[in-house]
Amino acid sequence: MFRNIKGQSNALQILKLALDNDRIAQAYLFHGSDGVGKFTAALYFGMALNCFSKSEFRPCGVCSSCRKFLALDHPDLLYIFPTPNLGLNLDGEITKTDYIQEYEGYIRNKIETPWEDYQFSANIMIRVESMNWLIKRLNLSAYEASYRVCIIEDADQMNIPTANAFLKTLEEPPEATVIILITNNLSKLLPTIVSRCQPVHFQPVTPSVIEGILRESFNAAPELARTAAHIADGSVQRAIHFAHNESLELREHAFGIFEMAATGKDLAHFRQLRSLPRSFNAESAIEVLRYLSLFAGDLNLALDAPEQLVNIDKRDFLAKAREALGEIDPAVYTDRVIAFVLLMEGHIRKLRGNANLQLVMLDTYFQLKKLFRA
Ligand SMILES: [Zn+2]
């Protein structure tokens, strides 16, 4: 099943060696950006340690143990993630019953559509109640597993009391237990925690690997797979999310802006900007900016290397727009495109920092117009 995780051969090699030689560390730290396979790898690793199959290709994914892991329902899988205050008691029961539905929603989403973000209705963190439950469980013996598997997702979101409680467990780890911490923000973890774990780095996945996943496992159309792979920034999760959601609509939105800038339809653009729907939020804008960077890059290739275009379906428009620029030194034009893409990166950071969305979009439009200056 490890084969399902693409583009992570280094990380998987470390885990396979550990399994083959039966040298399992007591604690691992899976780190790397979001949506690249850290959780899946943690789950499969735990499954492999408990799989009933005698084959060398563990986990099998079909034995009773594997199936319980895949349903996140194995009694010896201890899974902790940031939550609102659930009023968790020492037996792991949620006493604030209003949250039971949300908690179950999170788990269901994790199993069925893990590429979607699940939003709790209140502030989330890893709370000391979760850690106290975990510590109590680790002091008891395992139910049925040969290895208890403890996965702590977004471990950087432990508050101080939680981190201190956890540190004691790490210092005296229980037997036949593997603890896997997952984080996309290594620098936010206490150094005392980091130093007690074996680090396993997960790298961003290349666009061509992501494109393959989208086409083979999700039956995405070729142009959608290609663009989603390129704007996903190395995250398989984000790419699947794009391919599944209104991303096509946002791509058309971006293309509309690109077209208006190319043809000087400023007034139409200002009108559109004033009447953006409420649903068009910072995340939508970030996605549009990413698409615009891709269109800009393609403009550069439209005449000289059309086979390398990301937006193959827009080939005709791109070629015409590039032609309209006339005789322009390709090197000069490449610099223009690079400057634009860097600017978009800056805008994306601003949008993440709550910048005014309309102002950012307006500036984007003016920057875009510079690309079309003959
Ligand atoms: Zn199995």
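In table form, for the structure just shown:
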| item | result |
| --- | --- |
| Every residue from the stretch 37-74 that is part of a loop (DSSP other than H, G, I, E, B) and either touching a helix residue (DSSP H, G or I) at 6+ places or on another chain (Cβ under 6 Å) or of a type in the set (Ser, Thr, Tyr) (or both) | Cys51, Phe52, Ser53, Ser55, Arg58, Pro59, Cys60, Leu72, His74 |
| Pairs, first in contact (Cβ under 8 Å) with a residue 12 or more places away in the chain in the stretch 145-161, second in a strand (DSSP E or B) and of a type outside the set (A, V, I, L, M), C-beta under 7 Å, six or more apart | Tyr147/Thr177; Arg148/Thr177; Cys150/Thr177; Ile151/Tyr79; Asp154/Thr183; Ala155/Thr183; Asp156/Thr183 |
| Where Asn4 falls short, out of the listed (1) buried (at least 17 other Cβ atoms within 10 Å of the Cβ); (2) within 16 Å of the ligand (Cβ to nearest atom) | (1) |
| Spans of helices (runs of 4 or more DSSP H) in the stretch 198-251 with at least 2 residues at pLDDT 90 or above | 207-218, 236-244 |
| Residue tally, condition hydroxyl-bearing (Ser, Thr, Tyr) and surrounded by 14 or more Cβ atoms within 10 Å (Cβ to Cβ), over the stretch 144-199 | 5 |
| Any hit, the stretch 266-283, residues being touching a His at 6+ places or on another chain (Cβ under 6 Å) and under 20 Å from Leu224 (Cα atoms) | no |
| Of all residues making up the stretch 1-33, the number that are touching a helix residue (DSSP H, G or I) at 6+ places or on another chain (Cβ under 9 Å) and closer than 16 Å to Ala155 by Cβ | 8 |
| Boolean, Tyr143 is out of contact with any Ser or Thr (no Cβ under 9 Å at 6 or more places or on another chain), closer than 30 Å to Val236 by Cα and not in a helix (DSSP H, G or I) | no |
| Residue list for the stretch 71-92, filter: closer than 21 Å to Lys38 by Cα and either within 16 Å of the ligand (Cβ to nearest atom) or at pLDDT below 95 (or both) | Ala71, Leu72, Asp73, His74, Asp76, Leu77 |
| The stretch 170-184, residues that are touching a residue at least 40 places away in the same chain (Cβ under 8 Å) and in a loop (DSSP other than H, G, I, E, B) | Pro173, Asn184 |
| Complete set of residues in the stretch 97-132 that are closer than 30 Å to Ala228 by Cβ, surrounded by fewer than 14 Cβ atoms within 10 Å (Cβ to Cβ) and among the charged types (D, E, K, R) | Glu104, Arg108, Glu112, Asp117 |
| Scope the stretch 32-70; condition within 19 Å of Glu112 (Cβ to Cβ), surrounded by fewer than 23 Cβ atoms within 10 Å (Cβ to Cβ), away from the ligand (no atom under 11 Å from the Cβ) and at pLDDT below 95; matching residues | Asp34 |
| Residue match in the stretch 134-153 (condition: modelled with pLDDT of 95 or more and of a type in the set (Asp, Glu)) | yes |
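Residue by residue, here is whether (1) in contact with a Pro (Cβ under 7 Å, 6 or more places away or on another chain); (2) in a loop (DSSP other than H, G, I, E, B); (3) hydrophobic (A, V, I, L, M, F, W, C) holds:
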position: Arg278; (1), (2), (3): no, yes, no
position: Glu287; (1), (2), (3): no, no, no
position: Arg290; (1), (2), (3): no, no, no
position: Leu299; (1), (2), (3): no, no, yes
position: Leu303; (1), (2), (3): no, yes, yes
position: Lys320; (1), (2), (3): no, no, no
position: Gly326; (1), (2), (3): no, yes, no
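Every residue, every condition in (1) crowded, with 21+ Cβ neighbours inside 10 Å; (2) acidic (Asp, Glu); (3) in contact (Cβ under 8 Å) with a residue 12 or more places away in the chain; (4) assigned by TED's automatic domain parsing to the domain that holds Thr113, yes or no:
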| site | (1), (2), (3), (4) |
| --- | --- |
| Glu223 | no, yes, yes, no |
| Asp233 | no, yes, yes, no |
| Leu267 | no, no, no, no |
| Arg271 | no, no, no, no |
| Ser275 | no, no, no, no |
| Ser279 | no, no, no, no |
| Ser284 | no, no, yes, no |
| Tyr291 | yes, no, yes, no |
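The values are calculated or read from the model by the stated rules, or taken from the named source; none is laboratory data. Predicted model, so just to flag it, every value in this text is computed and none were measured. Here Cβ is always computed from backbone atoms with ideal geometry, including for glycine, and neighbour counts include all displayed protein chains.
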